[in-house]
Amino acid sequence: MRKMIISIFSFTMLLMLGLAGCSNDSDKSSDSKEQVSDKKGTDKGKSSDKEIPVTNILDWESTDFEDSNHEIIEFEKVLVVEHPHESFAHNGTFIVRGNSSSYFYDYPNGIMSPYDSMDPGDSRLSVDMYSGTYLFEDHYYLVELDRNARASYVTEVNLETGEVKRLFQVNSAVTISKKGDILYVSGNETLIAFDTTKEEQLWEVDLDSDVNFTESAVTDQLIVLLGDEGLAAYSQADGTKQYEVEGFFHKLVADGDTFYALKENDETIKDFSEMIVDVLKFDGMSEEGELFFSTPVIEDPSDPTDLLTDVKGDNLYIKSNVGVLAYDKNSGEHLWTLAIADQLYEDYSPSDFSYDLMTDYSEDAVYIRATKWEHGAEETLFIVVDPKTGEMKENLRIDEGVTIGPNFDGENAVIFKKVPNEYPKMYIVKE
């Protein structure tokens, strides 16, 4: 959307001022952003000029999953999610969020989760399509849509007991983060802190920002909200706004008293196909973000899941729609890069092939699901990688079907597969 706005703006200026005037205005706009970034200490305007090696995972030899020592569980008489979007796994429960509902599966036993608070054999909850769903240890959170009451509620599901609680009503799409027992819920105009143990609101503040925030994270001291035009940090104690930083941001991840924010480099801000990502590191309460490192050129994300970031152990991961890059979170040193191509930006015709790449992480392994459709044929790979070296431990083929995951669950990494007119299957790799 932001690039579309820039494109429309540039086209309008061409009509009004001509090519020369447009060029001058673009330079001024770039200078203005640079001044804001320098003031905040967040962007030195540098991109990565160092080439990094990329390993094409499609070149690795693979084994049929059914010929491995790992487990396949077939579900029986379960409701099948209609259009799977995102998934979570915890202590034997697999959750799939579809267009209109979240589905809960007891995957070790191949059945729907036997929650007393839900209808027998129908373990699902209606979900507001504009809000995300979240897993924090034993508790799953969603914005539940009550169609009869025409109202939406922030709802908590205890995955140990199956208890479902409607915590409070909301009137807009929200993002949710959690620290300890406290939920931090941000909507269009407000930020709320809610104690899930006492079931009471602690405070509510106005966001006091023009940014449309789309995700959040919590450090040891801050709640950080991020949108595509900036980020803002608020105190966990009372919601007081600490600072705001402008920029074209995409994702963030918190790690203790530090958070990392992914910001688009100025060099590719007007490019619809390519992107360079600047990774900014913020420590403690300081608004002085450090330009930690910049990625090489990757494909511009067209979907929210095309660009993701995570921290596990000593590694900081960035997943693009083509590959995954691993960096040392302490030094910013590049460790390895894997892709379903020979490079992170692939110039190809959409008619050649299409693909889907997702990842999850433990401290001992990286789990990758790579699905590729080419000339009517479909292939999914369930790959296990060493997090330190990027070397392949296992590469397992899964036959055709819609797959979702992988998700790490204690000692297991799992992929869910659905096939038309059949009950789904769960593919399980033990760590």
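Data for the structure
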item: Selection within the stretch 394-414 - acidic (Asp, Glu), touching a helix residue (DSSP H, G or I) at 6+ places or on another chain (Cβ under 9 Å), within 12 Å of residue 65 (Cα to Cα) and at pLDDT 95 or above; result: none
item: Residue under evaluation residue 274, criteria (1) in contact with a helix residue (DSSP H, G or I) (Cβ under 8 Å, 6 or more places away or on another chain); (2) acidic (Asp, Glu); (3) modelled with pLDDT of 95 or more, criterion not met; result: (3)
item: Residues located in the stretch 112-158, provided they are surrounded by fewer than 16 Cβ atoms within 10 Å (Cβ to Cβ), part of a strand (DSSP E or B) and among the small types (Gly, Ala, Ser); result: 151
item: Residue among 379, 391, 400, 374 that is charged (D, E, K, R), farther than 20 Å from residue 94 by Cα and without any contact (Cβ under 8 Å) to a residue 12 or more places away in the chain; result: 391
item: Qualifying residue in the stretch 291-301 (condition: in contact (Cβ under 8 Å) with a residue 40 or more places away in the chain, in a strand (DSSP E or B), of a type in the set (Ser, Thr, Tyr) and touching a strand residue (DSSP E or B) at 6+ places or on another chain (Cβ under 6 Å)); result: yes
item: Selection from the stretch 53-111 of residues that are among the polar types (S, T, N, Q), within 20 Å of residue 358 (Cα to Cα) and outside any loop (DSSP other than H, G, I, E, B); result: 55, 56, 63, 87, 93, 102
item: Subset of the stretch 273-290 (residues that are assigned to a strand (DSSP E or B) and hydrophobic (A, V, I, L, M, F, W, C)); result: 275, 277, 279, 280, 282
item: Answer residue from the stretch 302-320, given it is at pLDDT 90 or above and not in a strand (DSSP E or B) and is surrounded by the fewest Cβ atoms within 10 Å (Cβ to Cβ) among those; result: 313
item: Extreme residue, farthest from the chain's Cα centre (by Cα), among residues of the stretch 159-172 that are over 19 Å from residue 114 (Cα atoms) and crowded, with 16+ Cβ neighbours inside 10 Å; result: 167
item: Some residue of the stretch 346-354 being on the phi < 0 side of the Ramachandran plot, in contact with a Gly (Cβ under 8 Å, 6 or more places away or on another chain), touching a residue at least 12 places away in the same chain (Cβ under 8 Å) and surrounded by 14 or more Cβ atoms within 10 Å (Cβ to Cβ); result: no
item: Residue in the stretch 253-262 that is at pLDDT below 95, in a strand (DSSP E or B) and closer than 19 Å to residue 303 by Cβ present; result: no
item: Some residue of the stretch 91-108 being small (Gly, Ala, Ser), over 23 Å from residue 409 (Cβ atoms) and at pLDDT below 95; result: yes
item: The stretch 298-320, residues that are out of contact with any Ser or Thr (no Cβ under 6 Å at 6 or more places or on another chain), of a type in the set (Val, Ile, Thr) and within 18 Å of residue 355 (Cβ to Cβ); result: 305
item: Close pairs from the stretch 137-163: first touching a residue at least 24 places away in the same chain (Cβ under 8 Å), partner small (Gly, Ala, Ser) and outside any strand (DSSP E or B), Cβ under 6 Å, at least 6 apart; result: 143/131; 162/117; 163/117
item: Members of the stretch 270-300 found to be under 16 Å from residue 341 (Cβ atoms), of a type outside the set (Ser, Thr, Tyr) and surrounded by fewer than 19 Cβ atoms within 10 Å (Cβ to Cβ), listed by number; result: 274, 300
item: Selection status of residue 404, under 13 Å from residue 429 (Cβ atoms) and crowded, with 19+ Cβ neighbours inside 10 Å; result: no
item: Residue check for residue 391: farther than 26 Å from residue 105 by Cα, touching a strand residue (DSSP E or B) at 6+ places or on another chain (Cβ under 9 Å), surrounded by fewer than 21 Cβ atoms within 10 Å (Cβ to Cβ) and at pLDDT 95 or above; result: yes
item: Selection within the stretch 209-247 - surrounded by 21 or more Cβ atoms within 10 Å (Cβ to Cβ) and farther than 24 Å from residue 133 by Cα; result: 245, 247
item: Residue among 295, 371 that is over 16 Å from the mean Cα position of the chain (by Cα), under 19 Å from residue 415 (Cα atoms) and at pLDDT 85 or above; result: 371
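The values are calculated or read from the model by the stated rules, or taken from the named source; none is laboratory data. Bear in mind that the values here come from a model prediction, so they are computed numbers and not experimental data. As a convention, Cβ positions derive from the backbone with ideal geometry for all residues, glycine included, and neighbour counts pool all protein chains shown.
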